[in-house]
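Shown next, in structure tokens, is the structure this report addresses.
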Amino acid sequence: MHLYTEAKVIAQEAWEESEFDQDDAQEFIYQSCGDYEVCLHHGKAIEFCASVDTSEGELYLECRGGIAPDGDSFGRIACRIAYATLLCASMSCLEEIVAEHEES
């Protein structure tokens, strides 16, 4: 998975499905990212985290209480990081799309 490419697809779909409403598009992104294979399956998440820069996702999680609650498995932590990384990248792409839309 190429992170930016997937994030751009998610953001564009969110923008179109929300009929160009930024708040609705953001909600769509929250839900859509959670349905991605790399956010649901431990092995895929571990592979994803090993192949992309997850620093934004990790920072996102740290700002919201931490990456690894007590008792979490390695796979579950990887799923959480993958979700946050995809979410952050998609939100950044949405910001680009909104800025382009406002310029038009």
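The values are calculated or read from the model by the stated rules, or taken from the named source; none is laboratory data. None of the values given here were measured: they were computed from a predicted structure. Counting neighbours? That spans all protein chains shown, and the Cβs are built from the backbone with ideal geometry, glycine included.
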Across the stretch 22-49, which residue is surrounded by the most Cβ atoms within 10 Å (Cβ to Cβ) among those that are outside any helix (DSSP H, G or I) and touching a helix residue (DSSP H, G or I) at 6+ places or on another chain (Cβ under 9 Å)? TYR36
List, please: which pairs have Cβ atoms under 7 Å, are six or more places apart or on different chains, and start with a residue in the stretch 55-78 that is free of Cβ contacts under 8 Å to residues at least 40 places away in the same chain and end with one that is part of a loop (DSSP other than H, G, I, E, B) and surrounded by fewer than 17 Cβ atoms within 10 Å (Cβ to Cβ)? ILE77/ALA68
So how many residues does the stretch 61-85 have that are among the hydroxyl-bearing types (Ser, Thr, Tyr) and either in a helix (DSSP H, G or I) or closer than 18 Å to TYR30 by Cβ (or both)? 2
Residues within the stretch 12-56 that are farther than 20 Å from CYS79 by Cα and aliphatic (A, V, I, L, M), tallied: 2
List the number of the failed condition for GLU58; all other conditions in (1) more than 12 Å from the chain's Cα centre (by Cα); (2) more than 17 Å from ILE10 (Cβ to Cβ); (3) not aliphatic (A, V, I, L, M) hold. (1)
Unmet requirement for VAL52, which otherwise passes all of (1) touching a residue at least 12 places away in the same chain (Cβ under 8 Å); (2) surrounded by fewer than 11 Cβ atoms within 10 Å (Cβ to Cβ): (2)
Can you name every residue in the stretch 59-104 that is at pLDDT 95 or above, surrounded by fewer than 16 Cβ atoms within 10 Å (Cβ to Cβ), among the polar types (S, T, N, Q) and over 13 Å from ALA45 (Cβ atoms)? SER92
